[in-house]
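The values are calculated or read from the model by the stated rules, or taken from the named source; none is laboratory data. Fair warning: this is a prediction, and the values are worked out from it, not measured in the lab. Virtual Cβ from ideal backbone geometry, glycine too; neighbours counted across all protein chains shown.
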Amino acid sequence: MSKNIIEVDPVKFPWLDLNRYTFCMGAENAGILYLSGQTASEYDPQQGRVVCKGDLLDQTRVIYEKLAVVLEAAGMGFDNVVQTVDYIDATALPQYRQTGEIRKQYLKDSPVGATGIIVERLLRPDAFIEVSMVAMKGEKKPINPGWDRYGQLTYVPGVVVDDEIVWTSGFVGSEDIDGQSNYPQDTARQVELTYGIIGRVLDGAGAGPDDVIKTLDYISPQCLLQYPNTADIRRGFFGDRFPASTNIPVNRLLRPEGHVEIEVVAVKGGIREEIRVPEWGRNYAGLTQSAGVKKGRLLQISGQSSVDPGTRSPVGGYDIVAQTEQAYKNIARIMDEGGYSMDDIVNTIEWVAPNGMMGYRKVGEVRRKYFGDRFPSATGVSMHQILGRPEQLIEVTAVAVI
């Protein structure tokens, strides 16, 4: 790992033995801290194994206690948090709104962008929720184009730090008809409305589409057939300057009428660098994403799966280890083409299809191959499926701080 990146593993972490894992609790560089996703997992000496105890609220309290320890070890606190993502097991939905009181206890009035999504399951079968965070040192300001409802919520439309990096919440597009929010059944129209919302948030931060370096689309199964129709909406919004993108089918959105929820990261100022791998050019033609985009301190990588981008053919059959090897090989190639290395990566998210869960623990050896013995932070969740061929079992996205 780059000598500039600080691995954040608290000296005292009573819940788990951190030496057993191929990720660190947090990785920080240049004042930007990515925290690993946390569940309520803890070692139970009576049972001799790691378990998650209690209901959703019990587990959420444990998670925030863990995150507080990691933030403190990095010399930060909850007032530095700029973005949270909640990964929720569907069985816990009846209690989910009540977790807002726990968020308020820790985050208080500090503005935060947030997204909550429903996953196939969490890696821990007894876990109801996993929470990941990004924190930054610097002056943090909320972005709200004037939407009153956010005064009642525990998050804001977006946050800008040091008038440079913009972190948004996840958005689902709707339109006002006779005073009521209407969610069109046409996916492209919903996404068009979503980008209208994102455009207003960016404008409120003094940013624009050219500043966006990452989009993450959470896709409801009900619109998978229509989802390819959204490409023209992206072209209309971004022109020919596409961000890095990851597109993940989830079980459903918190908003049942929603088709796609989108969150973005943007960087104001600085030189925009789109990383293009020469041998992938023919197969990237027509796509509405870049392999990697660097602007300012951040380098975002598009989601990589078992597909070899040079041939557009899947690799590894139904072997999740071989598929993960190809995904990290792709990421390493993007980093190398940009003049960077895997040592610069501070965070990965591994999205695992349900039929890949049985062999998932074995992918740790792939991480050891690419990261050595100094690991970035990480989150791993099981989602509805991988967008593409049915044999694809995993997709990996990564971010580096340069």
Practice item. Could you tell me which residue of the stretch 371-392 is modelled with the lowest pLDDT, considering only residues that are of a type outside the set (Val, Ile, Thr) and not in a loop (DSSP other than H, G, I, E, B)? Key: 382
Point to revise | Subset of the stretch 60-75 [closer than 17 Å to residue 93 by Cα and over 21 Å from the mean Cα position of the chain (by Cα)] | key: 61
Study note, to complete from the structure: If we keep only residues of the stretch 108-143 that are free of Cβ contacts under 8 Å to residues at least 60 places away in the same chain and in a loop (DSSP other than H, G, I, E, B), then the residue surrounded by the fewest Cβ atoms within 10 Å (Cβ to Cβ) is 109
Check your understanding: Does residue 73 count as surrounded by 15 or more Cβ atoms within 10 Å (Cβ to Cβ), assigned by TED's automatic domain parsing to the domain that holds residue 25, of a type outside the set (S, T, N, Q) and out of contact with any Ser or Thr (no Cβ under 9 Å at 6 or more places or on another chain)?
Key -> yes
Review point. Residue 182 fails exactly one of the following numbered conditions: (1) over 22 Å from the mean Cα position of the chain (by Cα); (2) modelled with pLDDT of 95 or more. What is the number of that condition?
Key: (2)
Exercise for review: Could you please find all residues in the stretch 119-139 being of a type in the set (Val, Ile, Thr) and either modelled with pLDDT of 95 or more or within 23 Å of residue 205 (Cβ to Cβ) (or both)?
Suggested key: 129, 131, 134
Revision key, fill the gap. Considering residues that are part of a helix (DSSP H, G or I) and either crowded, with 23+ Cβ neighbours inside 10 Å or of a type outside the set (S, T, N, Q) (or both), the number found within the stretch 328-370 is 26
Exercise for review: Taking the options 258, 236, name whichever one is within 18 Å of residue 201 (Cβ to Cβ) and either assigned to a loop (DSSP other than H, G, I, E, B) or at pLDDT below 95 (or both).
Suggested key: 258
Study note, to complete from the structure: Okay, strands (runs of 3 or more DSSP E) sitting entirely in the stretch 263-321 with 2 or more residues that are surrounded by 24 or more Cβ atoms within 10 Å (Cβ to Cβ) and touching an Asp or Glu at 6+ places or on another chain (Cβ under 8 Å), I get 292-295, 298-304
Check your understanding: Quick check, is residue 52 surrounded by fewer than 23 Cβ atoms within 10 Å (Cβ to Cβ), among the hydrophobic types (A, V, I, L, M, F, W, C) and touching a residue at least 12 places away in the same chain (Cβ under 8 Å)?
Key -> yes
Review point. Does residue 146 satisfy being farther than 23 Å from residue 26 by Cα, in a loop (DSSP other than H, G, I, E, B) and among the small types (Gly, Ala, Ser)?
Key: yes
